[in-house]
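Right, one structure below, let's go through it.
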Amino acid sequence: MFKIDTLKGHERMSTQDLLLAIGEAVANGETDFDIAASGQHDIGGPLWHPEGKKLTFHVTNAGQRVGSMCLDNTEIIVDESASADVGWLNAGGKITVRGDAGDTAGHCSSGGKIYIGGRAGTRSGSLMKHDPLYEEPELWILKNVGSFSFEFMGGGRAVVCGNDSEAFSSVLGDRACVGMVGGTVYFRGQADGYASDIKLFDLDQSDIAFLEGGMDEFLSAIGRSELRMELSNWSEWHKLRPLTFAEKKPQAQPNLQEFRLQEWVKGGIFSDVAMDDFAVKDTVVTGLYRQRVPSWDNAKYAAPCEFNCPAGIPSQRRYDLIREGNLKEAYKLVLDYTPFPGSVCGSVCPNLCMQGCTRGKIDEAVQIGGLGLQSVNTKLAMPQKPNR
């Protein structure tokens with residue numbers, strides 16, 4: 001067994017150095033690892049043996065994402081609790097945590113098995129998915145999970161045994177299965193607050209066969225085989241799955257005008273820019289709207305200096321370029337708006353932008369005249385082709 005102690009006196013090995021040491025050992029043919037971690041992340045994956053042999057990791061004091069992106073033919077055993085993201089993006093490994101797991105256990109897993117011997121935190125099982133070309137992922141939890149569990153789940157099977165969870169009104173936490181579109185959640189005990197488009201069922205024979213077939217391996221892995229009889233009363237179990245497309249009630253198409261008037265604005269994030277009666281106009285209109293002329297509300301939304309400039313020169317952008325140290329670009333910007341930067345805009349312009357400058361209400365308007373004069377000396381490359 002290849003042993004790694006990540007603490008030498010008071011010196012802690014970094015996560016990067018630990019992962020590099022593990023990778024080098026695997027490349028040299030090592031298969032069994034005993035890792036005394038000190039909070040390092042991502043221990044156990046993605047790794048594969050050059051000869052295809054199974055990799056086994058015994059880990060203590062693991063940090064976040066133990067077993068992240070774990071591959072097939074890898075087994076990870078954590079003897080105590082682990083922090084967040086256990087088995088994140090698991091792609092085939094077998095990961096056992098004999099204590100509690102933090103938030104998002106099994107997050108995004110697409111293969112393999114994850115066994116939790118205690119409780120799991122918020123959003124556990126979220127975004128689990130299943131590629132039909134491979135075996136579906138499994139997430140087994142002995143006790144209960146936190147809120148938003150199995151959020152946006154798209155495939156796989158999750159099992160929440162509800163052991164030692166009588167004090168909880170729901171073994172699935174609050175608002176379970178929000179956005180769930182696939183997969184199955186088996187649970188024992190009470191559950192409420194799950195999404196309205198999720199359907200509750202009693203177990204059928206195929207469900208019981210699945211749980212019977214996996215329960216012994218799960219309990220053996222977490223060291224709790226004595227609970228087999230207690231957890232085998234299938235009348236205490238239920239399952240949740242999302243409604244199929246055929247089961248969902250068809251929804252009427254909303255009236256667009258009603259949506260705009262009643263829901264889109266309502267004093268919300270668009271109300272300050274949506275100056276409209278929200279009537280839907282056809283491309284070619286008749287009657288009342290045939291003679292209507294669109295109003296130009298640039299004064300409401302443009303910077304006051306830019307709006308008051310007859311050429312529409314964005315003075316605020318010119319000063320931004322100066323702040324960034326791009327002086328030449330600031331001088332050249334005026335040429336995008338006028339062919340007379342020096343003679344007109346730099347010399348005889350009455351500087352209407354300064355009259356509209358809101359800085360003048362505090363002390364004095366931004367002094368733009370000097371900047372305009374600088375554009376006189378701007379050098380531009382001759383065009384390659386005549387402009388027509």
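The values are calculated or read from the model by the stated rules, or taken from the named source; none is laboratory data. Just so it is clear, the model here is predicted, and its values are computed rather than measured. All Cβ positions, even for glycine, are placed from backbone atoms using ideal geometry, and neighbour counts span all protein chains on display.
The table below lists the values:
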| read-out | value |
| --- | --- |
| Residue, nearest to L231 (Cα to Cα), within the range 108-125, restricted to residues that are of a type in the set (S, T, N, Q) and buried (at least 24 other Cβ atoms within 10 Å of the Cβ) | S124 |
| Matching residues, the range 325-342, being assigned to a loop (DSSP other than H, G, I, E, B) and free of Cβ contacts under 8 Å to residues at least 24 places away in the same chain | G325, N326, P339, F340 |
| Leading residue by the ranking (nearest to S149 (Cα to Cα)) among those in the range 183-216 that are modelled with pLDDT of 95 or more and in contact with a Gly (Cβ under 9 Å, 6 or more places away or on another chain) | V185 |
| Any chance R98 is of a type outside the set (S, T, Y) and in contact (Cβ under 8 Å) with a residue 60 or more places away in the chain | yes |
| Close pairs (8 angstrom Cβ cut-off, 6 or more residues apart or separate chains): in a loop (DSSP other than H, G, I, E, B) in the range 359-378, of a type in the set (A, V, I, L, M) anywhere | A365/M354; V366/M354; Q367/M354; I368/M354; T378/L335 |
| Cross-chain or 6+ apart pairs with Cβ under 9 Å, the range 1-22 first and under 12 Å from A36 (Cβ atoms), then of a type in the set (K, R) | T6/R12 |
| The listed residue being surrounded by fewer than 23 Cβ atoms within 10 Å (Cβ to Cβ), within 17 Å of P46 (Cα to Cα) and not charged (D, E, K, R), out of A91, A84 | A91 |
| Residue satisfying all of: in the range 142-160; of a type in the set (F, W, Y) and out of contact with any Leu (no Cβ under 7 Å at 6 or more places or on another chain); surrounded by the most Cβ atoms within 10 Å (Cβ to Cβ) among these | F150 |
| Sole residue being under 21 Å from L89 (Cβ atoms) and in a loop (DSSP other than H, G, I, E, B), chosen from V185, V178 | V178 |
